[in-house]
Amino acid sequence: MNDPKRVARNAFFPLIQYEKRWQPFRTPKSGGAVGNGTIKPEKKSRKIRYAARRDAYIFARYRRLLAPLYEERLAKLGISDVPIAYRKIIGKDGRGKCNIDFAKEVFDEIELMGDCYAITLDISQFFESLDHEKIEADWCQLLQVPNLPDDHRAVFKALTEYRWVDRTEAYRRLGYFGVKYTNTGVKIEGYRIPFNSMPTQLCSPKEFRDKIAGGGLKPSIIKKNENPFGIPQGTPISDLIANIYLMEFDQKLSSLATAHGGRAFRYSDDILLLVKAQTDDDASAIEEDVRKSISSFGSQLFIKESKSSIHRFIKTEDSLSIQHLKGSGKNGLEYLGFRFDGKRIYLRDATLSNLKRKMTFVGRIRAIKHKRRYADRDYSTLKSTFNFDDFFQNFMRVEDFDQNSSVRQWTFWTYARRAVETFGNRGKPIEKQLKFLKPDGRRLIEDELR
């Protein structure tokens with residue numbers, strides 16, 4: 001699909017949607033310890049929508065066409081160091097930077113600045129809130145044309161007037177999901193073939209028309225975005241469009257931070273300002289300025305006050321001390337999965353807690369399956385035949401890791417080792433945090449195998 005005329009005529013398939021849900025880390029009530037009077041936050045969810053293979057190729061191709069123009073525009077505006085997510089940024093060592101490197105850059109900057117304030121903010125429902133008219137105007141400006149060419153307009157419409165189907169419902173219509181029986185004869189609903197064994201092409205064009213689009217006996221299950229805002233998160237071009245959309249906002253962030261002797265960073269919807277404010281009230285005023293100004297870049301864009309935090313770093317004779325003034329991070333500044341207290345760097349408590357929860361869940365399932373497979377084996381044999389190394393290496397993939405990094409197939413262990421290596425002595429506490437992770441996981445599985 002390298003021919004613009006074919007792209008302009010392309011009939012894009014609906015996106016396939018699934019919902020990613022998770023339970024955030026429980027936080028202790030004021031004065032309490034974790035596990036003793038903890039506050040259970042509301043469950044979070046994120047809708048992910050991915051494209052059919054041909055459509056994904058088209059999206060990826062137009063991403064490659066727009067990305068260099070975006071980089072040129074950033075350089076011209078002098079803000080190449082503000083947006084750091086979804087870009088190929090090469091470090092001094094020749095490797096692609098990842099969130100570990102970005103976190104180190106921020107912590108290094110804080111140490112260099114000494115007395116400063118760190119203000120963090122989070123844009124709510126980022127991808128779902130982008131105004132379509134502004135997207136089109138920014139796209140035209142990047143191409144330096146008054147109107148989008150037909151092929152670019154086709155891609156634009158596929159993103160803004162996107163259609164989608166629920167993944168489970170689509171698989172049900174196609175016969176991949178439904179009623180089945182377990183080995184013990186229990187009737188359940190689930191995938192009739194292993195999810196990883198799904199065919200690359202889910203259906204033929206006729207099956208799509210008859211079973212998905214309503215051409216047969218059943219009604220269509222295709223839905224469409226009728227709003228004048230929002231793009232799907234998950235296509236190969238969505239992240240770049242979101243970055244392009246916020247170029248003017250990134251300019252404002254940069255100007256605001258520079259005016260106060262600091263720097264601005266934006267990692268997707270996470271904003272961080274390091275500023276030399278005179279007082280706590282001045283820092284609060286800066287945070288309020290950013291929060292109020294976001295609406296001028298789209299009527300649906302806003303920053304929840306509860307998502308903001310302010311920390312003050314104070315230079316002492318030989319180190320930095322920190323004061324928590326507002327929001328999350330009572331034990332230090334939390335940024336990109338890490339926590340910095342002015343002296344040492346840790347994994348965020350939520351990161352570690354979520355990992356342990358996932359390890360417990362997956363470990364229990366694997367142990368149960370192992371016992372069923374070798375029902376005639378004794379405990380000692382079960383324990384000796386369980387592949388603990390494979391368990392620890394394969395299930396602990398690092399979620400939400402920067403896919404533009406030059407590193408692929410990261411596990412939590414390689415991620416943690418890279419963090420300790422990158423942070424140096426400041427990152428030594430991470431080793432202590434992980435010290436009992438494998439022994440605890442192994443003990444859990446061994447108990448389940450009994």
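Can you spot a residue in segment 63-75 that is open to solvent by 30 Å² or more (accessible area, probe 1.4 Å), among the acidic types (D, E) and modelled with pLDDT of 85 or more? Yes - at least one qualifying residue is present in segment 63-75.
Among the residues of segment 301-339, those that are at pLDDT 90 or above, under 18 Å from E111 (Cα atoms) and open to solvent by 70 Å² or more (accessible area, probe 1.4 Å) comprise R312, K315, Q323, N331. Could you please find all residues in segment 424-435 being in a helix (DSSP H, G or I) and either among the small types (G, A, S) or open to solvent by 10 Å² or more (accessible area, probe 1.4 Å) (or both)? Matches in segment 424-435: G424, N425, R426, G427, K428, P429, E431, K432, Q433, L434. Of everything in segment 146-167, what is of a type outside the set (A, V, I, L, M) and over 27 Å from the mean Cα position of the chain (by Cα)? Give them in sequence order. Passing the criteria: P146, N147, P149, D150, D151, R153.
The selection criterion, being surrounded by fewer than 20 Cβ atoms within 10 Å (Cβ to Cβ), under 21 Å from the mean Cα position of the chain (by Cα), more than 21 Å from R418 (Cβ to Cβ) and modelled with pLDDT under 90, holds for R357.
Put simply, of G234, G298, G230 the only residue that is modelled with pLDDT of 95 or more and on the phi > 0 side of the Ramachandran plot is G230.
Within segment 309-356, being in a loop (DSSP other than H, G, I, E, B), closer than 19 Å to K276 by Cβ and either touching a strand residue (DSSP E or B) at 6+ places or on another chain (Cβ under 9 Å) or charged (D, E, K, R) (or both) holds for one residue alone: G342. Which of the residues belonging to segment 195-218 are touching a residue at least 40 places away in the same chain (Cβ under 8 Å) and within 18 Å of D166 (Cβ to Cβ)? The answer is F208, I212, K218. When each of K76, K104 is tested for being in a helix (DSSP H, G or I) and out of contact with any strand residue (DSSP E or B) (no Cβ under 9 Å at 6 or more places or on another chain), the lone residue that passes is K76.
If you filter segment 206-243 down to residues that are part of a loop (DSSP other than H, G, I, E, B) and among the small types (G, A, S), you find that the one that is least open to solvent (accessible area, probe 1.4 Å) is G230.
When you look at A103, is it in contact with a Phe, Trp or Tyr (Cβ under 6 Å, 6 or more places away or on another chain), closer than 21 Å to S254 by Cα and at pLDDT 95 or above, yes or no? Answer is yes for this residue.
Annotation: of all residues in segment 142-178 being in contact (Cβ under 8 Å) with a residue 24 or more places away in the chain and among the small types (G, A, S), the one that is surrounded by the most Cβ atoms within 10 Å (Cβ to Cβ) is A158.
Does segment 244-262 hold any residues that are open to solvent by less than 40 Å² (accessible area, probe 1.4 Å) and either part of a loop (DSSP other than H, G, I, E, B) or under 24 Å from E19 (Cβ atoms) (or both), and which are they? Hits for segment 244-262 are Y245, L246, G262. It is to be established whether one or more residues within segment 111-129 are in contact with a Phe, Trp or Tyr (Cβ under 7 Å, 6 or more places away or on another chain), over 30 Å from N425 (Cβ atoms) and modelled with pLDDT of 90 or more. The answer is yes, given that some residue of segment 111-129 is in contact with a Phe, Trp or Tyr (Cβ under 7 Å, 6 or more places away or on another chain), over 30 Å from N425 (Cβ atoms) and modelled with pLDDT of 90 or more.
The values are calculated or read from the model by the stated rules, or taken from the named source; none is laboratory data. Nothing here was measured: the structure is a model prediction, and the numbers come from that model. Counting neighbours? That spans all protein chains shown, and the Cβs are built from the backbone with ideal geometry, glycine included. Please note that ligands, DNA and RNA were not included when accessible areas were found on the heavy atoms of the full protein model with its side chains. Shrake-Rupley method; radii C 1.70, N 1.55, O 1.52, S 1.80 Å.
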